[in-house]
Amino acid sequence: MSASSGKLAIIGWPVSHSRSPLIHNHWLAARGEAPVYQPYPIDPKDDFRRALEQMAEAGFVGANVTVPHKEAAFNAMDALSAAAEKIGAVNTISFEGGRLRGANTDGDGFVASLDAAMQAASGQDWRRQPALVLGAGGAARAIIVALGAAGVPAIRVVNRSRDKAEALTGLADNMHIDDWSARTRMTEGCGLLVNTTSLGMVGQPALEMPEAALGALCPRALICDIVYAPLETPLLRAARASGHIGVDGLGMLLQQAALSFEIWRGERPPVNAALRDKLIADLAQEA
Ligand code: ATR
């Protein structure tokens, strides 16, 4: 089977809610390919490596990985990309004969979503100013690595449990870690604020960021919430009200997917308004 026709999947547990099949099958259709990207649940109790070997035998050539398997995937690979190695998690697997190669496109996808938002709003280059990252989970890890690689001069990190933020030390140069309560004064001079915590998600309390804290960011800073349920979080509403550039979580979702697709099919698919609208319509059906 050639790489251009092999099956693709999103691995998770549960995985039926994933929008990755919609996104990737849209791109496959544009290439005249059948919709071979499918959800693939793997029970965390199962032998993960063995499950991947069964996928290879069944004709899969690539897979994305989501919660709760990104670290298990990291440990099951024969080879890793530099980003996956640094992040310590894998979101993209290539089945290369009997070998498993892992990559992580989350951080680079995040950076691509910032660049797209910056260009669309004719904003300033967010790479030139410090960035403030809220949270210290898996998403924060990928984002911090990518911000470091992008050359951001200082990366400020705060998390409710400070020890989890301290454990991220070394992921990038110029990291500064502080208490969760310091988030309101650490915005000073930042060109980017990104919320990676679950605050603001459906069913969760809003993230409290006083107007003055947003006012201390650089003018027209990027303010990003990486969740997409809801699409317009209280933080993004406040961002727009204070004259900053709001970046929702669909950008990162779409851009990380495009980078995975490129790994498997050798061609970066377009992330355009038509696909974004299709995704928004699909998400609205669930709401
Ligand atoms: P992911 O892997 O998707 O990034 P995660 O590992 O579950 O998600 O991390 C969730 C983040 O939201 C963590 O930074 C968490 O803080 P703790 O490390 O202290 O648990 C943060 N978070 C969750 N609920 C929060 C709350 N009520 N206030 C502040 N931070 C919260």
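The values are calculated or read from the model by the stated rules, or taken from the named source; none is laboratory data. Model, not experiment: these values are computed from the prediction. Glycine also receives a Cβ, built like all others from the backbone with ideal geometry; neighbour counts cover every protein chain displayed.
So which of Leu100, Leu132, Leu52 is in contact with a Leu (Cβ under 7 Å, 6 or more places away or on another chain) and within 23 Å of Cys224 (Cα to Cα)?
Exactly one of Leu100, Leu132, Leu52 is in contact with a Leu (Cβ under 7 Å, 6 or more places away or on another chain) and within 23 Å of Cys224 (Cα to Cα), namely Leu132.
Among the residues of the range 96-113, which ones are over 15 Å from Ala257 (Cα atoms) and either in contact with a Cys (Cβ under 7 Å, 6 or more places away or on another chain) or crowded, with 24+ Cβ neighbours inside 10 Å (or both)?
Across the range 96-113, there are no qualifying residues.
Restricting attention to the range 181-226, report how many residues are of a type outside the set (A, V, I, L, M) and farther than 12 Å from Leu132 by Cβ.
Summing the residues that are of a type outside the set (A, V, I, L, M) and farther than 12 Å from Leu132 by Cβ in the range 181-226 gives 14.
Test of understanding: among Gly102, Gly109, Gly62, Gly123, which residue is among the small types (Gly, Ala, Ser), part of a loop (DSSP other than H, G, I, E, B) and either within 30 Å of Gly170 (Cα to Cα) or at pLDDT 95 or above (or both)?
Only one candidate passes the filter, namely Gly123.
If you take the residues of the range 260-287 that are under 30 Å from Leu217 (Cα atoms) and of a type in the set (A, V, I, L, M, F, W, C), which of them is surrounded by the most Cβ atoms within 10 Å (Cβ to Cβ)?
Val271
Does Ala112 satisfy being away from the ligand (no atom under 15 Å from the Cβ), in contact (Cβ under 8 Å) with a residue 60 or more places away in the chain and in contact with a helix residue (DSSP H, G or I) (Cβ under 9 Å, 6 or more places away or on another chain)?
yes
Hey, any hits in the range 172-193 for a residue that's more than 14 Å from the ligand (Cβ to nearest atom), farther than 18 Å from Gly246 by Cβ, small (Gly, Ala, Ser) and touching a helix residue (DSSP H, G or I) at 6+ places or on another chain (Cβ under 8 Å)?
Yes, the range 172-193 contains a residue that is more than 14 Å from the ligand (Cβ to nearest atom), farther than 18 Å from Gly246 by Cβ, small (Gly, Ala, Ser) and touching a helix residue (DSSP H, G or I) at 6+ places or on another chain (Cβ under 8 Å).
Residues checked against (1) touching a helix residue (DSSP H, G or I) at 6+ places or on another chain (Cβ under 9 Å); (2) modelled with pLDDT of 95 or more; (3) among the aliphatic types (A, V, I, L, M):
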| site | (1), (2), (3) |
| --- | --- |
| Pro130 | no, yes, no |
| Val133 | yes, yes, yes |
| Asn159 | yes, yes, no |
| Ala167 | no, yes, yes |
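Name the residues in the range 126-171 that are more than 16 Å from the ligand (Cβ to nearest atom), in a loop (DSSP other than H, G, I, E, B) and either over 28 Å from Gly243 (Cβ atoms) or not small (Gly, Ala, Ser) (or both), would you?
Gln129, Pro130, Val152, Pro153, Gly170
Anything in the range 190-202 that is modelled with pLDDT of 95 or more and exposed (fewer than 14 other Cβ atoms within 10 Å of the Cβ)? List them, or say none.
Result: no residue meets the conditions.
How about the range 194-208: which of its residues are in contact with a helix residue (DSSP H, G or I) (Cβ under 7 Å, 6 or more places away or on another chain) and assigned to a loop (DSSP other than H, G, I, E, B)?
Thr196, Gly200, Ala206, Leu207
What number goes with the only condition from (1) within 16 Å of the ligand (Cβ to nearest atom); (2) outside the structural domain of Ile226 (by TED's automatic domain parsing); (3) buried (at least 21 other Cβ atoms within 10 Å of the Cβ); (4) within 16 Å of the chain's Cα centre (by Cα) that Ala73 does not pass?
So the condition that Ala73 fails would be (4).
Hey, does the range 209-218 have a residue that's assigned to a loop (DSSP other than H, G, I, E, B), within 15 Å of the ligand (Cβ to nearest atom) and assigned by TED's automatic domain parsing to the domain that holds Ala150?
Scanning the range 209-218, I find at least one residue that is assigned to a loop (DSSP other than H, G, I, E, B), within 15 Å of the ligand (Cβ to nearest atom) and assigned by TED's automatic domain parsing to the domain that holds Ala150, so the answer is yes.
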